[in-house]
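**Q** Okay, here's the structure, questions in a sec.
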Amino acid sequence: MTSSTLTRAGTRTPSAVLVALGLAAGFGVAQATGVRALGGALFAGAGLAAGWLWQQRRGWAVALGLGALYVGAFVLAHVLALGVGLASWLAVGLVTVAAAGVTYAVADRP
């Protein structure tokens, strides 16, 4: 490996981290502060940043698909917590692991 390859590999931000941050930290901020809009802003910001990475790396089709997955995971967490009765953190944890895993497999894996 050349030094330029190592430099590029070290600076490539995995978008799966942004997905996990948006879902889990967005929920955590909303819970901790009691301000749902603040958690929503973190969710939206991380989603936009991840979407930009997806579009740059894999194109619009993948970006739109993963964006739908991201928003779907958010909705599913609410369904699992409010509709099914799972604990909120458990619901958020499950959808976060699933969405971040799919994102890694589709967009981040070399």
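The values are calculated or read from the model by the stated rules, or taken from the named source; none is laboratory data. Just so you know, these numbers come straight off a predicted model, no measurement behind them. All Cβ positions, glycine included, derive from the backbone under ideal geometry; neighbour counts span all protein chains shown. Quick note on the areas: whole protein, heavy atoms, side chains included, nothing else; ligands and nucleic acids left out. Shrake-Rupley method; radii C 1.70, N 1.55, O 1.52, S 1.80 Å.
**Q** At what distance in nm do the modelled label points of residue 104 and residue 89 sit from each other, each positioned 7 Å from its Cα along Cα→Cβ?
**A** If labels sit at residue 104 and residue 89, their model points lie 2.2 nm apart.
**Q** Can you give the extra length, in nm with one decimal, that the chain gains between residue 97 and residue 13 once fully stretched, where that is 0.36 nm per residue apart less the Cα-Cα distance? Write out the running numbers ahead of the final one.
**A** Working: separation 84, 0.36 × 84 = 30.24 nm, distance 1.76 nm.
Working it through step by step, the gained length comes to 28.5 nm.
**Q** State in Å² the accessible area per residue of the chain; use a 1.4 Å probe, count heavy atoms of protein chains only, and round to the nearest integer.
**A** Computed with neighbouring chains in place, this is 59 Å² per residue.
**Q** Another question, then. Taking 0.36 nm per residue of separation and subtracting the Cα-Cα distance, what length does fully extending residue 75 through residue 31 add? If you can, show how the numbers build up before the last one.
**A** Numbers: separation 44, 0.36 × 44 = 15.84 nm, distance 1.65 nm.
Full-extension gain reported as 14.2 nm.
**Q** On the protein heavy atoms, probe 1.4 angstrom, tell me the percent of accessible surface of the chain carried by carbon and sulfur.
**A** 72 percent
**Q** Sticking with this structure for a sec: Ratio of Rg to Rh for the chain, alpha carbon only, Kirkwood?
**A** Values: Rg = 15.1 Å, Rh = 14.5 Å.
So for the chain, dividing Rg by the Kirkwood Rh gives 1.04.
**Q** Same structure again: Can you list which of the DSSP-assigned H helices in the chain have a Cα extent of 18 Å or more along the long axis and an average Kyte-Doolittle score of at least 1.0?
**A** 60-78, 88-103
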